[in-house]
1. Would you mind calculating the gained length between residue 112 and residue 152 on full extension (0.36 nm times residue separation, minus the Cα-Cα distance), in nm to one decimal?
2. Quick one: go through the range 161-197 and flag any residue whose amide nitrogen is under 15 Å from the point 7 Å out along the Cα-to-Cβ line of residue 205.
3. Residues of the range 235-258 with the amide nitrogen closer than 17 Å to a label point 7 Å from the Cα of residue 192, along Cα-to-Cβ, please.
4. Spin-label point model (7 Å from Cα, Cβ direction): what's the residue 280 to residue 174 distance in nm?
5. At residue 66 and residue 31, where each label point lies 7 Å from the Cα along Cα→Cβ, what is the point-to-point distance in nanometres?
6. What's the ranking of 157-164, 253-260 by average number of surrounding C-beta atoms within 10 Å, highest first?
7. Only counting other Cβ atoms within 10 Å, I'd like 155, 169 sorted with the fewest neighbours first.
8. Using a 10 Å cut-off on Cβ atoms, rank the peptides 67-73, 268-274 from the highest mean neighbour count down.
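Every number here is computed from the coordinates shown, using simple stated rules; none is lab data. Since the model is a prediction, treat every value here as computed from it, not as a measurement. Neighbour counts run over all protein chains shown; Cβ positions are idealised from the backbone, glycine included.
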């Protein structure tokens, strides 16, 4: 036992007038592995406990990050204390590193700070539907450097956090999930426009999730080249683009069924051809017989 203690207390090298023993060098990787295990354990247990208490996903994400950073800081300070290394020993080195980082990693620091602003102020939350650069998707994770968004086609993309703060971003769920959508339809000339209006309105009110206030509005949009054009606007609770598309599809099904029962024809393009002079039509079989 004495030999082991003597070996662990054996000086290995000196740094900044500080003597480091073999035991200290062995303790450093052990504490590093302990910190990694503790961080993984916390990242699993903290979200589970918060979710059971009804916390929102973005709040769980923020608290989990804060706890991980606090644990990491405590582990570093503890390791330095065990190694008898005062924090003042890193004053000069940290100053030089700060200057280098300030010039060489401005974008990284900008994205890092932006990530904490997003998690703290929560203008964008996990589960929100965003529109960034004509691309629409749902937020899956807000990390310290970038935000992971899953597009409507299932493809994931990483957006720098600074871009979400410095540019215009459309958040479909910032305040609530109430959104407006519309469906257009054209009927043949000669149809009763008031009956068409009533049938479209009745079809929309049968949809699930349609809000009564504001009430749906049917507009006689225009006299088209081949049809009388109508458009119905209505509000619904929808948290994704797929839900809005599903609602519009169901609305078209109901309108088609209502028009079919009422004998109203959905218009399609038609052209009248006027011929000046004579037009000779011949039958190929008659010509061959001759």
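1. Separation in residues times 0.36 nm, less the Cα-Cα distance, equals 11.7 nm.
2. Once the point is set 7 Å along Cα→Cβ of residue 205, 195-197 turn out to lie under 15 Å by backbone N, inside the range 161-197.
3. What the label zone holds, given the 17 Å backbone N cut-off, is 258.
4. 7.2 nm
5. 2.6 nm
6. Peptide ranking by packing, descending: 157-164, 253-260.
7. With the sparsest Cβ surroundings first, the list reads 155, 169.
8. Top of the packing list down: 67-73, 268-274.
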